[in-house]
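> Questions regarding the structure given below will be posed in turn.
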Amino acid sequence: METPISWTKINLQGIDSYVGAIIVDRADTLRFDLGPFANTLTEERPPIIDSSTLKYMTKPFDTSDYIIVKDHRNVDEDKYKKQNISWDTIDGYVTKIIQPIRSGEGITGIYIDSLWKERADIQRFNLYGNNLTPQNEKTFLQAIRTLHFKRQK
């Protein structure tokens with residue numbers, strides 16, 4: 001991958017895969033995982049609860065991580081998503097590209113489901129950053145287009 005010269009790759013200790021990080025600057029770091037259990041970077045469903053259920057709570061309840069609505073049956077969950085997903089081909093591989101809906105708030109990254117088979121395992125790959133600054137997000141999205149994988153025999 002072609003990156004700005006200031007970006008620094010560091011190796012991390014993985015159990016069943018090759019993992020590492022790329023320090024972009026003081027604000028942002030990218031992480032990667034190459035192995036059979038690489039995270040798909042799929043956004044979880046937003047935690048939506050009915051306001052009527054709060055009256056049944058017997059202990060104090062921190063609601064800051066929840067979306068509270070009057071009737072959860074009439075809620076469009078897409079309204080609360082943080083990421084957009086698109087698909088493209090990078091280095092011949094079908095690639096899921098994740099970008100925040102609002103720049104700087106969410107995951108920017110890629111996921112490739114199947115690079116090659118090693119023994120009985122399919123090798124997958126992700127490379128992502130959380131809450132990247134708008135400039136780093138833009139530079140990263142340009143850099144991923146230059147990814148090239150050594151073909152395994």
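> Taking a cut-off of 18 Å between Cα atoms, list the lysines near residue 138, but don't count ones fewer than 8 places away on the same chain.
82, 96
> Roughly speaking, what is the centre-to-centre gap between region 64-81 and region 1-53 when only Cα atoms are used, to the nearest Å?
26
> Remind me, what semi-axes does region 1-51 give for its equivalent ellipsoid, largest first in whole Å, using sqrt of 5 times each Cα gyration tensor eigenvalue?
Its equivalent ellipsoid spans semi-axes of 28, 18, 9 Å.
> Taking the Cβ-Cβ separation of residue 13 and residue 135 as r and a Förster radius of 22 Å, what is the calculated FRET efficiency to the nearest 0.05?
On the way: r = 30 Å, r/R0 = 1.39.
Calculated value: 0.10.
> Taking amide H atoms as placed 1.01 Å from N in the peptide plane, list the residues 5 or more away in sequence, or in a different chain, whose amide H sits under 5 Å from that of residue 90.
The answer is 95.
> Between residue 84 and residue 148, how high is the FRET efficiency from 1/(1 + (r/R0)^6) when r is the Cβ-Cβ distance and R₀ = 41 Å? Nearest 0.05.
0.95
> Something else: Restricting the calculation to Cα positions, tell me the Rg (one decimal) and the Dmax (whole number) of the chain in Å.
Radius of gyration, then largest Cα-Cα span, for the chain: 18.8, 61 Å.
Any read-out appearing in this document is the output of simple, stated calculations on the displayed coordinates, not a laboratory observation. Just so we're clear, the structure is a prediction, and the values are computed from it rather than from any experiment. Ideal geometry is used to build each Cβ from the backbone, glycine not excepted, and the neighbour counts take in all protein chains shown.
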